[in-house]
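Working notes for the structure below.
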Amino acid sequence: MKKKNHNTPSPPRAPCQGQGHALRITVSGVVQGVGFRPFVYRIAQKLRLRGWVKNIGYGVSLHLESENQANLRRFLKSLEQEKPPLALIEKVEAGPTPFRGFRHFRILKSRQEESFVFISPDISTCRSCFDETSDPAERRYRYPFTNCTDCGPRYTIVKSLPYDRARTTMAGFAMCPDCRREYENPLDRRYHAQPIACPVCGPRLSLVDAKTGKKLDEGLKTAVAMIRKGKILAIKGLGGFHLVCDPLNRDAVARLRRLKQRQTKPLALMARDMETIAKYAAVSPAEKRELLSARRPIVLLKKKRDIPQIAPNLDEMGFMLPYTPLHHLLLGELGLIVATSSNRKDAPIAKDEKEGIAELCDYILTHNRPIQSRADDSVLKVAGEKPLFVRRARGYVPYPQRVPPELQVPQQIMALGGELKDTISLYKNGYIVTSQFLGDLDEYQNFLYFEETIRHLQRLFSVKPDLLVCDLHPGFHTTRYARKSGLPFFQVQHHYAHVLAVLLEHGLPPGEKVLGVSLDGYGYGLDGAPWGGEFFLADYDSCARIARFREVPLPGGDQAARQPWRMALAYLRDAFGVSLPRIRSLEGIDGEKRRQVLRMIEAGVRSPLTSSCGRLFDAVSFLAGVAPAEVEFEAEAPMRLEALAQRKIRSAYPFSLEPGSSPWEISFVPAIRRIVRDLARHVPAGVIAARFHNTLARAIAAVAEKAAAEFGVRTAVLTGGVFLNRKLLLSASTLLEEKGLSVLRPVRYSPNDESISPGQVAYALARLKKERFSA
Ligand SMILES: [Zn+2]
Ligand SMILES: [Zn+2]
């Protein structure tokens, strides 16, 4: 007997039964809560198709009928070509099914099913909504919370799934009759747009004096006037508050920096339009595409006309375009603003005015639609026409990542990531969802954010993990969390997790070995030492460290990461022994401090040996006179060095590759000696910086060439935070490709520690598969 699906109504018997064609289609991916069913309804109407559409666990299911087979084919074409902007189609399966003689096309109610239901990220205001808010004849004229099924908040307002209004932070707003009509009409742009709102029934703006808490009249207009006067405002956006001021007002920017306790960390800018951005920065076509995309990331662009204090000592500034109607209204008046996350130093972005933002600003422009999930602005640069993520959050989270079929397991998994720039990842039913950037978990507030995100994502995607995955580091908060959970857990080496994340993202099948080049600041090694310049022969279930950078002392541990001059001394000591050359930049450091650090190095006190590439960059940056004695943010010294590197320089320094050792050792002692010689000859820092970048690229290529000859690897993976360095990434890729290797690097995730958690999931999947087969 055929199993009857009680969601499918019995079709009325029609005279034409048996004379038409019928098609059963399932579409999987992000197709719920993005206007997909009304879109299907509209094409079905247009092509005079009959049948139904409904949401199912992992997508939508359709039954279509027509006498005209060409119309069914046209439907499939439209499905791909005209899909709503927020929809992400993973797979379309279509096949013939018995013709049953439906008379209409209907959107059927869906039953809640136990599966992975996807939810769209937040998406910037669409053209139609923008036009509507600009038209004085429209009822949403200048309404800051206008949205439709193609745009508006999603991830940041959802409390649980399935996605409908009652389960979002819009639940408290009762729809007015006009909104209700739009919401219920399948032909309306706002059919089932859950955050639908208008001036009558939706959220409202208010402007509050940060000191007195007093409300001010004409919020938006007054806010604009205050920014023009040089005041600092906290403005509530989608995933949190921005701190906003006039970037051309030096006093305002200086004050903002004092309040945020950030003297050099770059500040993001929001510009009215492309023309405004083009005044200050060079924009390539690929960068323009990213800026204008519906996800609206901050894009790092080469400076054309610098704005002082925005990104000091760097050659790039970060710009984004407005992504909510509120931003459009503000920028329509102001043209360009600083829009930086409203977090206090070492705390997550504020989502509520009660989280202490009054101390960071003069006025608060807020509204009464609560934020469920925090999400920072995403930040990327373009390298080789593709995005290179510095931070992946708003606009991209929680897009799912499909796992190669060979790795899929029935268990549910939660990976906790590392410690710095943490994310978590959940696995269920063949898909991984990675959280937004959560920050450094060593800070108590960020750790609370980590726990808040775990609770939220588990509930949202109804995941109950069977096991956890964490880092090898015994002292990380994530490792302690795993230990305390009572669940079984796996531990994965940090740099191997970096490589695995890339294999997974690119859907590499199991069994194909790659050369994994994992370069970053720090990760706990298999031997407990601080690693960071690692080369692996790896696939999903094996990993051999075939090469590493020569180890040097890390005097003072964490302190060495903050004070690049310590690493400069460590490298000089390694290259020159006890008779150190005189280096100008080091003369600026107190003599007693220098001697103290040298004594630590010589006695091996608090000076573990490290192979870190990040620390090598710190040392060279300091020797070249580019890095400050103490950095304010991670990678500041390497970023300054990259910014300075002259493009036309082709020469490099010598290095050595010791194949006798196991793992092979790459030593930059010869390079350090030549850098010191260049310094003595007053070679400009920009030339030294370029030569150093070229040296690293050549060292990577040399290891790859040897690995290809000895192990037959054809693919190299470039990952780890160091590969946020565009110059190194591009020059290393070019050299590797010249040697016939194909190069993979993270495109949808950041190469930094944000990609540790998806890599950890990949490890667990491979282990579970293996255990099942060997059991
Ligand atoms: Zn819209
Ligand atoms: Zn309304």
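Matching residues to (1) under 34 Å from the mean Cα position of the chain (by Cα); (2) at pLDDT 90 or above:
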| site | (1), (2) |
| --- | --- |
| Asn5 | no, no |
| Ser10 | no, no |
| Val53 | yes, yes |
| Ser66 | no, yes |
| Pro84 | yes, no |
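Which of the residues belonging to the range 167-206 are away from ligand 1 (no atom under 16 Å from the Cβ), in a helix (DSSP H, G or I) and closer than 20 Å to Phe36 by Cβ?
Arg167, Glu184
Yes or no: Asp150 away from ligand 1 (no atom under 14 Å from the Cβ) and in contact with a strand residue (DSSP E or B) (Cβ under 8 Å, 6 or more places away or on another chain)?
no
Somewhere in the range 210-227, is a residue over 27 Å from the mean Cα position of the chain (by Cα), in a helix (DSSP H, G or I), at pLDDT below 95 and more than 16 Å from ligand 2 (Cβ to nearest atom)?
The answer is yes; a qualifying residue exists.
Return yes when Arg204 is modelled with pLDDT of 95 or more, within 16 Å of ligand 2 (Cβ to nearest atom) and surrounded by fewer than 17 Cβ atoms within 10 Å (Cβ to Cβ) and no when it is not.
So Arg204 passes the test.
How many residues are open to solvent by 60 Å² or more (accessible area, probe 1.4 Å), part of a helix (DSSP H, G or I) and either within 18 Å of Thr434 (Cβ to Cβ) or in contact with a strand residue (DSSP E or B) (Cβ under 9 Å, 6 or more places away or on another chain) (or both) if we restrict to the range 735-752?
Adding up the residues that qualify gives 1.
Can you confirm whether the range 716-730 contains a residue that is farther than 18 Å from Val403 by Cα, at pLDDT below 95 and either assigned to a loop (DSSP other than H, G, I, E, B) or among the hydroxyl-bearing types (Ser, Thr, Tyr) (or both)?
no
Please find, among Ala709, Ala690, Ala680, the residue that is buried (at least 20 other Cβ atoms within 10 Å of the Cβ) and modelled with pLDDT of 95 or more.
Answer to the check: Ala690.
Restricted to the range 417-430, and to residues that are of a type outside the set (Gly, Ala, Ser), part of a loop (DSSP other than H, G, I, E, B) and closer than 18 Å to Glu505 by Cα, which residue is most open to solvent (accessible area, probe 1.4 Å)?
Asn429
So which of Arg767, Arg673 is touching a residue at least 40 places away in the same chain (Cβ under 8 Å) and over 32 Å from the mean Cα position of the chain (by Cα)?
Arg673
Hey, could you check the range 228-256 for residues that are open to solvent by 10 Å² or more (accessible area, probe 1.4 Å) and part of a helix (DSSP H, G or I) and say which is nearest to Arg296 (Cα to Cα)?
Looking at residues that are open to solvent by 10 Å² or more (accessible area, probe 1.4 Å) and part of a helix (DSSP H, G or I), I get Arg228.
Going by the structure shown, is Arg550 more than 24 Å from Gly759 (Cβ to Cβ), charged (D, E, K, R) and surrounded by 24 or more Cβ atoms within 10 Å (Cβ to Cβ)?
For Arg550, the condition - more than 24 Å from Gly759 (Cβ to Cβ), charged (D, E, K, R) and surrounded by 24 or more Cβ atoms within 10 Å (Cβ to Cβ) - is not met.
On the basis of being touching a strand residue (DSSP E or B) at 6+ places or on another chain (Cβ under 6 Å) and open to solvent by 30 Å² or more (accessible area, probe 1.4 Å), does Leu187 make the cut?
no
Would you pick out the residues in the range 139-151 that are modelled with pLDDT of 95 or more, in contact with a Ser or Thr (Cβ under 9 Å, 6 or more places away or on another chain), open to solvent by 10 Å² or more (accessible area, probe 1.4 Å) and over 11 Å from Pro203 (Cβ atoms)?
Tyr141, Arg142 - these are the residues of the range 139-151 that are modelled with pLDDT of 95 or more, in contact with a Ser or Thr (Cβ under 9 Å, 6 or more places away or on another chain), open to solvent by 10 Å² or more (accessible area, probe 1.4 Å) and over 11 Å from Pro203 (Cβ atoms).
Being closer than 27 Å to His456 by Cβ and more than 16 Å from ligand 2 (Cβ to nearest atom) narrows it down to one residue among Thr149, Thr169; which is it?
Going through Thr149, Thr169 in turn, the sole match is Thr169.
Could you tell me which of the residues Val433, Val397 is part of a loop (DSSP other than H, G, I, E, B), closer than 26 Å to Ser518 by Cα and open to solvent by less than 10 Å² (accessible area, probe 1.4 Å)?
Criteria check complete, one pass: Val397.
Can you find, within the range 157-166, the residue that is modelled with the lowest pLDDT among those that are of a type outside the set (Phe, Trp, Tyr) and away from ligand 1 (no atom under 16 Å from the Cβ)?
Looking at residues that are of a type outside the set (Phe, Trp, Tyr) and away from ligand 1 (no atom under 16 Å from the Cβ), I get Pro162.
Which of the residues belonging to the range 211-223 are buried (at least 19 other Cβ atoms within 10 Å of the Cβ) and either within 16 Å of ligand 1 (Cβ to nearest atom) or aliphatic (A, V, I, L, M) (or both)?
Within the range 211-223, Ala223 is the sole residue that qualifies.
Could you tell me how many of the residues in the range 753-763 are over 9 Å from Leu500 (Cβ atoms) and either of a type in the set (D, E, K, R) or open to solvent by 10 Å² or more (accessible area, probe 1.4 Å) (or both)?
Summing the residues that are over 9 Å from Leu500 (Cβ atoms) and either of a type in the set (D, E, K, R) or open to solvent by 10 Å² or more (accessible area, probe 1.4 Å) (or both) in the range 753-763 gives 2.
Restricting attention to the range 152-181, which residues are of a type in the set (Lys, Arg) and open to solvent by 10 Å² or more (accessible area, probe 1.4 Å)?
Lys159, Arg165, Arg167, Arg180, Arg181
Quick one: in the range 214-248, of everything that is in contact with a Cys (Cβ under 9 Å, 6 or more places away or on another chain) and not hydrophobic (A, V, I, L, M, F, W, C), which residue is nearest to Lys279 (Cα to Cα)?
For the range 214-248, the residue satisfying everything is Gly230.
Can you tell me which residue within the range 466-518, out of those that are of a type in the set (D, E, K, R) and closer than 20 Å to Gly721 by Cβ, is surrounded by the most Cβ atoms within 10 Å (Cβ to Cβ)?
If we take residues in the range 466-518 being of a type in the set (D, E, K, R) and closer than 20 Å to Gly721 by Cβ, then Asp471 is surrounded by the most Cβ atoms within 10 Å (Cβ to Cβ).
Report yes if some residue within the range 520-535 is free of Cβ contacts under 8 Å to residues at least 24 places away in the same chain, among the acidic types (Asp, Glu), open to solvent by 10 Å² or more (accessible area, probe 1.4 Å) and out of contact with any Phe, Trp or Tyr (no Cβ under 8 Å at 6 or more places or on another chain); otherwise report no.
Yes - at least one qualifying residue is present in the range 520-535.
Could you please find all residues in the range 26-56 being touching a strand residue (DSSP E or B) at 6+ places or on another chain (Cβ under 7 Å), outside any loop (DSSP other than H, G, I, E, B) and more than 24 Å from Pro195 (Cβ to Cβ)?
Thr26, Ser28, Ala44, Gln45, Arg50, Gly51, Trp52
Determine, yes or no, whether Cys129 is of a type in the set (A, V, I, L, M, F, W, C), within 16 Å of ligand 2 (Cβ to nearest atom) and buried (at least 16 other Cβ atoms within 10 Å of the Cβ).
yes
So which strands (runs of 3 or more DSSP E) stay within the range 58-109 end to end and still have 2 or more residues that are surrounded by fewer than 14 Cβ atoms within 10 Å (Cβ to Cβ)?
88-96
Go through the range 173-187 residue by residue and tally those that are in contact (Cβ under 8 Å) with a residue 12 or more places away in the chain and more than 11 Å from ligand 2 (Cβ to nearest atom).
Count: 2.
Pairs, please: C-beta under 8 Å, at least 6 apart or cross-chain, first residue touching a residue at least 24 places away in the same chain (Cβ under 8 Å) and over 14 Å from Gly172 (Cα atoms) and in the range 196-209, second among the small types (Gly, Ala, Ser) and open to solvent by less than 30 Å² (accessible area, probe 1.4 Å)?
Cβ pairs passing all conditions: Leu205/Gly219; Ser206/Gly219; Leu207/Gly219; Leu207/Ala223.
The values are calculated or read from the model by the stated rules, or taken from the named source; none is laboratory data. All figures in this text were calculated on a predicted structure; none of them were measured in a lab. Quick reminder, even Gly has a Cβ in these numbers, built from the backbone with ideal geometry, and neighbours come from all protein chains shown. In case anyone asks, the SASA skips ligands and DNA or RNA and just uses the protein heavy atoms, side chains included. Shrake-Rupley method; radii C 1.70, N 1.55, O 1.52, S 1.80 Å.
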